[in-house]
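Q: Quick one: this structure, given as structure tokens, is what I'll be asking you about.
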Amino acid sequence: MVERKMSPVLKWALVLFALASVILNIALIVVHSGRTPRCSAQRVRPLLAKHDERSVVFADLSQEEYLQVQTYMLQQKGLEISTKQTTKPSENFLFLVDLFLPKKVDVLAFLDGKGPAPERQATVVVFHGSTGFIKEYVVGPLPNPTHHRDVTQEKYHMELPITKRLVTVGEYALMFEFFEREVFSKLKKVMQESFGVGPNRKLNAFEQMPRGVRSGDRQTWVSFFRDMSGMYIHPVGFEVLLNHQSLNASRWTVERLLYNGLYFDSVEELNQAYEEGRVDKIVYKESPDYGSLKPKPGLQQQVGPQQFSAEGKRFSVRNNHVVYLDWSFAFGLSALTGMRAFDVRFRGERIIYELSVQEAMSVYGSVTPGMIVTKFLDSSIGIGRFAHELVRGVDCPYDATYVDSVRYIDTPKPVRFRNSICVFEHNMGQPLRRHFADFFHHSYGGMANSALVFRTITAIGNYDYMWDFIFYQSGSVEAKVHATGYISSSYMVRGSLKHGHQVAENVLGNIHTHFINFKVDLDVSGVKNVFQTKDMEFVNVSLPWIPDHFAMIPQLVEKQLKTEQEAALRYDTKTPRYLHIASNATNSWGHQRSYRLQVFSFAGDHLPESQPEERSMSWARYKVAITKHKDQEQTSSSLYSQNDMWAPAVDFSRYIEDNENIENEDLVAWVTTGFLHIPHSEDIPNTVTVGNGGGVLLRPHNYFNQDPSIHSVDAVYLDPGAEESCENNRMACFAQETCGPVLEPFTYQGFDGVMKFGEWS
């Protein structure tokens, strides 16, 4: 056999290859060993509170329940209902299906294990164009409904004429067709020369509300804007008064027109004046895209600071129930009033039966008709209706828990809005409490202010409202709102600057108010509560050790209010600084257990009461109003207030007129907050949330024997010489325990839920 020797070159090549492999493996080991491990998706410690399946009593209707109710209503031959979005005003349209809340006494019996589950039912609103009235029905039981009843008179103590209805998508489609046929096509030269309207360019409409000046009116001033980003800040100086009171769209008429500050009685009159040169013509020119929110070119985008849960999320969302440390609550999202929480408990004890948004109202000032009498009542359009998908990492923290909602309002079928609610624990950026002992007993004790945030954001036309319910470890709950989005604007004419500031060429940002109403149904140690106020006054006191020397000393002043009218605290009067819903039960120190209502507001005047429209917003008279709980006094406003402000279906002031006793009764607080907005150049392109908001903080006051956060697992304590010990300070070991977050991929489908003005496929 001939022995074959390995080539020296090949031998050295193999040696070098083996050496390289070893070096590469060592490098990979070093790299991977230095990587931050992934945080566990599972929580490290068990939840302190437990989910309660009985929360389903407050759950919004499911997609299946909506469809069951719709099917049932369509089967009622005597009603002859349509579900098509293009249903004519003269026909019967199934406009709304929503949860019907059962009586509180029945719910409490069920929640407390003393009674059966209340029958699950739905509220149904039908616009009966054929008879000229609106009807509300209660349909049940769910699932598989078998009966319905008309509750209109029972609920509102009046008939609801069809003129009280809001404008449906179907009616909007008819309005757009009318403007194209009766206005734009007859003013082609004006449209083209003044506004650039042509085959590839149109105008967008934005309307004034209420629709007229007296009950029964349905005449709407419609302002027109350029079809570009942020259309609300691109007015063109053209407005039309449309009379659409008739249920037959062929009988609709143009009542007046406004062109560059001048009024005309007809399209023909404007055309003639334009041709004869009797108007100051608006000459179209391209407008800069100052309303765009797209990042400016050339900017290198960055990712800002992010929060994540190193030991898994300390809260859980199951169905419509949330548990977080010592807190638990049920939740819902009403298409009309928006976000609400029920059966709010701390350490198993119910504190709040209902915390809910009720209304968002704005009153505008202007010299032009499109906004001169505008007063928006958003629940009449639907606050929760416009809760679209939230953008991960912007609207809510990236790692938040997102929840879908389903609604049936002005659509032919229920619509699911993906990720329209978010829940997250958030470090609020400052300690909840802390003390550094410098003089004696040197030590440090503190606690990060981590709280749970329950949020939705509603984009109602031009404005976006961010709604937060915040649950603190101190036992406090905060309900607050921030406003952002686009301001409403008008085309500048003579006198415009009396009603705002110029914010762009020929553009006035119109002065307006924001008023928000919350319902706070506190149950403090049960449902038998009283309403108390506390404040201080200075009294002239003789000093005990110098009897002839006097000093002005603060002294506690306490008062218990006895009736609803006493407890209706108006904005135009001085209000005590401490407002309490209290129980006759006491803490260990003999003080009545209570929760304080601390209102943050810069609201001011809402509307003089001499104005006939004021009755539809009479809740805004009061910073806080306390009423005896009644199931028939469920809301402070209604679906029908916007389109008939002069004879509102719900006039909140009537809740107070009967002046019932409020001592040792089940009490409800109606809280109004808000602010004045004088638009300025920094509102272009968008109003920022900073400084534009308000809310109410519900704080324990002698409810506990001490601050409950002293039992929190987040507490930190340092002794001299033990600064690096992890025993009472997890932060000392945090650097060694650090892990990287496990993140969901970014997705967004929010545009699937936008309004559609045609027939659905």
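The values are calculated or read from the model by the stated rules, or taken from the named source; none is laboratory data. Computed from a prediction, not measured in an experiment: that's the story for all the values here. Note: ideal-geometry Cβ built from the backbone for every residue, glycine included; neighbour counts use all protein chains shown. Protein only, heavy atoms only, side chains kept; ligands, DNA and RNA dropped before computing areas. Shrake-Rupley method; radii C 1.70, N 1.55, O 1.52, S 1.80 Å.
Q: Based on Cα coordinates alone, diagonalise the gyration tensor for segment 55-158, multiply each eigenvalue by 5, take square roots, and list the semi-axes in whole Å, largest first.
A: Equivalent ellipsoid of segment 55-158: 28, 15, 10 Å, largest first.
Q: A further question follows. Which value does Rg/Rh take for segment 200-252 over its C-alpha atoms, Rh per Kirkwood?
A: Ratio value, two decimals: 1.06.
Q: Using alpha carbon centroids, what distance separates segment 390-454 and segment 587-666, in Å?
A: First find each Cα centre; the distance between them is then 29 Å.
Q: Related question: Please tell me the relative contact order of the chain in percent, rounded to the nearest whole number, where contacts are Cα pairs under 8 Å and at least six residues apart.
A: 14
Q: Between Rg and the Kirkwood Rh of segment 322-715, both from Cα atoms, what is the Rg to Rh ratio?
A: 1.00
Q: Compute the distance from the alpha-carbon center of segment 58-118 to that of segment 225-288, in whole Å.
A: Cα centres, segment 58-118 to segment 225-288: 42 Å.
Q: Starting from 0 in steps of 5 Å, tell me what percent of the Cα-Cα pairs of segment 119-201 lands in each bin.
A: Bins of 5 Å from zero give 3, 12, 14, 14, 11, 10, 7, 7, 7, 7, 6, 2, 0 percent of pairs.
Q: Sticking with this structure for a sec: Please give the direction-averaged projected area of the C-alpha convex hull for segment 169-276, in square nanometres with one decimal.
A: Value for segment 169-276: 7.3 nm².
Q: With label points built 7 Å along Cα→Cβ from the Cα atoms of Asn728 and Asn204, find their separation and express it in nm.
A: A separation of 5.9 nm, rounded to one decimal place.
Q: Something else about it: In deg cm²/dmol and to the nearest 500, what is the mean residue ellipticity at 222 nm of the chain if only DSSP H runs of at least 4 residues count, each as -39500 (n - 2.57), divided by the residue total?
A: The per-residue figure over the chain is -4000 deg cm²/dmol.
Q: If you don't mind, another one. What ratio of Cα Rg to 2.2 N^0.38 Å holds for segment 675-721?
A: Relative to the rule-of-thumb radius for its length, segment 675-721 sits at 2.18.
Q: Carbon and sulfur atoms: what percent of the 1.4 Å accessible area of segment 322-715 do they account for?
A: Solvent-exposed carbon and sulfur of segment 322-715 make up 53 percent of the total.
Q: Send over the per residue convex hull volume for the chain, Cα only, as a whole number of Å³.
A: 287
Q: Points 7 angstrom from Cα along the Cβ direction at Phe436 and Val151: gap in nanometres?
A: Those two pseudo-labels are separated by 5.8 nm.
Q: Next question. What three numbers, in Å, describe the spread of the alpha carbons of segment 335-456 along their principal axes, ordered from the longest?
A: Result for segment 335-456: principal-axis Cα extents of 68, 41, 32 Å.
Q: Per the Kirkwood treatment, what hydrodynamic radius in Å, one decimal, follows for segment 86-226 from the mean inverse distance over all distinct Cα pairs?
A: 18.8
Q: Additional query: Span-like helices, the chain: DSSP H, alpha-carbon axial extent 15 Å or more, mean Kyte-Doolittle 1.0 or greater, which ones?
A: Those that clear 15 Å and a mean of 1.0 are 8-34.
Q: Carbon and sulfur: what percent of segment 169-276's accessible surface (1.4 Å probe)?
A: 45
Q: State which entries of Lys103/Lys155; Lys528/Lys630; Lys88/Lys164; Lys77/Lys756; Lys202/Lys498; Lys114/Lys630 exceed 24 angstrom in Cα-Cα distance in the structure shown.
A: Listed pairs above 24 Å: Lys77/Lys756; Lys202/Lys498.
Q: Across 5 Å bins from the origin, how do the percents of Cα pairs in segment 586-709 run, short distances first?
A: Using 5 Å bins, I get a P(r) of 2, 9, 14, 15, 16, 16, 11, 8, 5, 3, 1, 0 for segment 586-709.
Q: Which one, Pro288, Val44, Gly113, is farthest towards the positive end of the dipole of the chain when Lys and Arg carry +1 and Asp and Glu -1 on their Cβ?
A: Result: Val44.
Q: What accessible area per residue, rounded to a whole number of Å², is obtained for the chain using a probe radius of 1.4 Å?
A: 48
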